Amino acid sequence: MSEHAAGLTRRCFLAGTGTLAVVSLSGCLGTSEGRDPVSIESGQNCDQCGMVIDQHPGPAGQTYYQDNAPEGHDPPARFCSTTCTYRHRFAKEQSGWTPAETFLTDYSTVDYDTQTDGGKTIISRHLGREAFASTESLTVVANSDVEGAMGTAIVPFSDSADAESFVEEYGGQTLPAEDISRELVGGM
């Protein structure tokens, strides 16, 4: 093997090893602390209102807390709606719990549909872990004509253009998911 070929092989090995180390380390530094979204399974109850999550339409949520866990099951706390997600977060923050990560259904990544039932427009439910995204990356539509598990749904999108299109069709207003206030969810 020529000296040039040996040098390339050694560089390729070192580059590959370095890449592997960075990828491995990034897993330790990212959301690998068990703070990835999970699938919400059939029969699981909402940690805020107690309803069986998969029996109701609309966006769902999950929250991990820094030093606390939901009663009766492993984290995350899980919710039948975005409304329950935020109500739970606000109540637990008043009790000293610190939210570490919140995930909501991302309607930019799912093939959702709406249907009219009893004069109400209802949006579909998506409970697989791949359907959830961090609130840090979501724009929500509030006060639209679309309902979920707890009445008027707060509908999240990772693509703000999708949120704007939703508003054009169903009304409402857009805002960052991190800007949802107690007043907004209290008034729903």
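For the structure I just gave you, tell me whether Thr102 is part of a helix (DSSP H, G or I) and surrounded by 13 or more Cβ atoms within 10 Å (Cβ to Cβ).
When the stated conditions are applied, Thr102 does not pass them.
Consider segment 151-169. How many of its residues are among the small types (Gly, Ala, Ser) and within 12 Å of Thr82 (Cβ to Cβ)?
Residues flagged as among the small types (Gly, Ala, Ser) and within 12 Å of Thr82 (Cβ to Cβ) within segment 151-169 amount to 2.
Among the residues of segment 32-49, is any modelled with pLDDT of 95 or more, in a loop (DSSP other than H, G, I, E, B) and over 19 Å from the mean Cα position of the chain (by Cα)?
Yes, segment 32-49 contains at least one residue that is modelled with pLDDT of 95 or more, in a loop (DSSP other than H, G, I, E, B) and over 19 Å from the mean Cα position of the chain (by Cα).
Out of segment 166-182, which residues are part of a strand (DSSP E or B) and not aliphatic (A, V, I, L, M)?
Gln173, Thr174, Pro176
Can you pull out the residues in segment 40-78 that are over 11 Å from Leu127 (Cβ atoms) and among the hydroxyl-bearing types (Ser, Thr, Tyr)?
Answer for segment 40-78, where residues must be over 11 Å from Leu127 (Cβ atoms) and among the hydroxyl-bearing types (Ser, Thr, Tyr): Thr63, Tyr64, Tyr65.
Considering only residues that are among the polar types (S, T, N, Q) and open to solvent by 40 Å² or more (accessible area, probe 1.4 Å), look in segment 39-87 and name the one that is nearest to Tyr107 (Cα to Cα).
Here the answer is Ser39.
So how many residues does segment 140-165 have that are open to solvent by less than 30 Å² (accessible area, probe 1.4 Å), within 21 Å of Pro37 (Cβ to Cβ) and in a loop (DSSP other than H, G, I, E, B)?
Selection size over segment 140-165: 3.
So how many residues does segment 83-128 have that are in contact (Cβ under 8 Å) with a residue 24 or more places away in the chain, within 14 Å of Tyr64 (Cα to Cα) and among the charged types (D, E, K, R)?
Of the residues in segment 83-128, 3 are in contact (Cβ under 8 Å) with a residue 24 or more places away in the chain, within 14 Å of Tyr64 (Cα to Cα) and among the charged types (D, E, K, R).
Of everything in segment 156-179, what is under 20 Å from Gln62 (Cβ atoms) and in contact with a strand residue (DSSP E or B) (Cβ under 7 Å, 6 or more places away or on another chain)? Give them in sequence order.
If the condition is that a residue be under 20 Å from Gln62 (Cβ atoms) and in contact with a strand residue (DSSP E or B) (Cβ under 7 Å, 6 or more places away or on another chain), then Pro156, Phe157, Ser158, Pro176, Ala177 are the ones that fit.
Does any residue of segment 96-103 turn out to be modelled with pLDDT of 95 or more, closer than 19 Å to Met150 by Cβ and in contact with an Asp or Glu (Cβ under 8 Å, 6 or more places away or on another chain)?
Among the residues of segment 96-103, not one is modelled with pLDDT of 95 or more, closer than 19 Å to Met150 by Cβ and in contact with an Asp or Glu (Cβ under 8 Å, 6 or more places away or on another chain), which makes the answer no.
Somewhere in segment 116-139, is a residue in a loop (DSSP other than H, G, I, E, B), over 15 Å from Pro37 (Cβ atoms) and open to solvent by 50 Å² or more (accessible area, probe 1.4 Å)?
yes
Among Thr83, Thr63, which is closer than 20 Å to Ile40 by Cα, part of a strand (DSSP E or B) and not aliphatic (A, V, I, L, M)?
Going through Thr83, Thr63 in turn, just one is closer than 20 Å to Ile40 by Cα, part of a strand (DSSP E or B) and not aliphatic (A, V, I, L, M): Thr63.
The values are calculated or read from the model by the stated rules, or taken from the named source; none is laboratory data. Keep in mind that this is a model prediction, so the values were computed, not measured. Positions of Cβ are generated from backbone atoms using ideal geometry, with glycine treated the same way; all protein chains shown enter the neighbour counts. Ligands, DNA and RNA are stripped out before the accessible areas are found, and what is left, the full protein with its side chains, is counted by its heavy atoms. Shrake-Rupley method; radii C 1.70, N 1.55, O 1.52, S 1.80 Å.
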